[in-house]
Amino acid sequence: MRITTPLSATAIAAAALLALPGTATAAPTSSPLLPVVSLAAERVATADLVAAAKWGTDSPIDDPAREQQVLDTAAAQAQRIGADPDEIRRVFRDQIEANKIVQRTLYARWTAHPDQAPTTKPDLNVVRQTINRINTDLVQAVADSTPQRGGALCRPELAVAVTEVSYEKHADFLHTGALVRSLASVCRN
């Protein structure tokens, strides 16, 4: 069976989050983790632009120098605001890996169907400015949600937020799956 609807993808993503260890059976109607999930979804969406900017160039998907810069900047910001830099690094490592999942999938799609490949290239520096803004907001949102991220309801709240955001943004299976991947380290239990 092929799942292509955003609602089906969202349901699978929510079920996957709820199946993780430490998950309670009842989910709240709204999640205090919504800001984290919303920002993570924005960040995942930038993967399309990054892929389009790199497509057909010698810029690789994996960019260890840029990744280290993102991790170091997020950790430094976390330290400045009194958040745990190591925890923020873990969350941002997941953000980076999720972004690369989208890029690799788009590259595979464009290789198989060249007619679907982008015909214009976004300016990668401009895209990175957007990513940097999202990163700054995401560090703050993760820090602000520390109590919720340590609680027993974290995974159900995260699943509710993923469902809300995916539905609101009409996310497809690829982006919903990447969003779930981007949130793997958000809950502390």
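Considering only Gln95, Ala75, Ala108, and ranking their Cα positions along the charge dipole of region 72-111 that arises from unit charges at the beta-carbon of Lys, Arg, Asp and Glu, the one farthest toward the positive end is Ala108.
Surface composition of region 46-141: carbon plus sulfur atoms hold 51% of the accessible area, using a 1.4 angstrom probe and ignoring ligands, DNA and RNA.
Nearest 0.05, what FRET efficiency do Arg109 and Gln68 give at R0 = 35 Å with Cβ-Cβ as r? Taking R0 as 35 Å, the efficiency between Arg109 and Gln68 is 0.80. Grab the beta carbon distance between Asp172 and Thr119, set R0 = 25 Å, and tell me the FRET efficiency rounded to 0.05. Efficiency, from the Cβ-Cβ distance: 0.75. Can you compute the FRET efficiency between Asn189 and Glu97 using 1/(1 + (r/R0)^6), with r the Cβ-Cβ distance and R0 = 30 Å? Round to the nearest 0.05. After rounding, the FRET efficiency stands at 0.90.
Neighbours of Ala171, meaning other residues whose beta-carbon lies under 12 angstrom from its beta-carbon, give a summed charge of -4 when Lys and Arg score +1 and Asp and Glu score -1. Using θ = phi - 60° in the Karplus curve 6.51 cos²θ - 1.76 cosθ + 1.60, the 3J(HN,Hα) couplings for region 83-95 round to 8, 6, x, 5, 5, 5, 4, 4, 4, 6, 4, 5, 4 Hz; x is entered for Gly and Pro. Peptides 176-184, 113-121, 81-89 ordered by packing proxy, namely the average of other Cβ atoms within 10 Å per residue, highest first: 176-184, 81-89, 113-121.
The values are calculated or read from the model by the stated rules, or taken from the named source; none is laboratory data. Being a predicted model, the structure only gives us computed values, none of them experimental. Cβ coordinates were reconstructed from backbone atoms using ideal geometry, including for glycine residues, and neighbour counts include every protein chain displayed. Heads up: the accessible areas ignore ligands, DNA and RNA and are worked out on the full protein's heavy atoms, side chains in. Shrake-Rupley method; radii C 1.70, N 1.55, O 1.52, S 1.80 Å.
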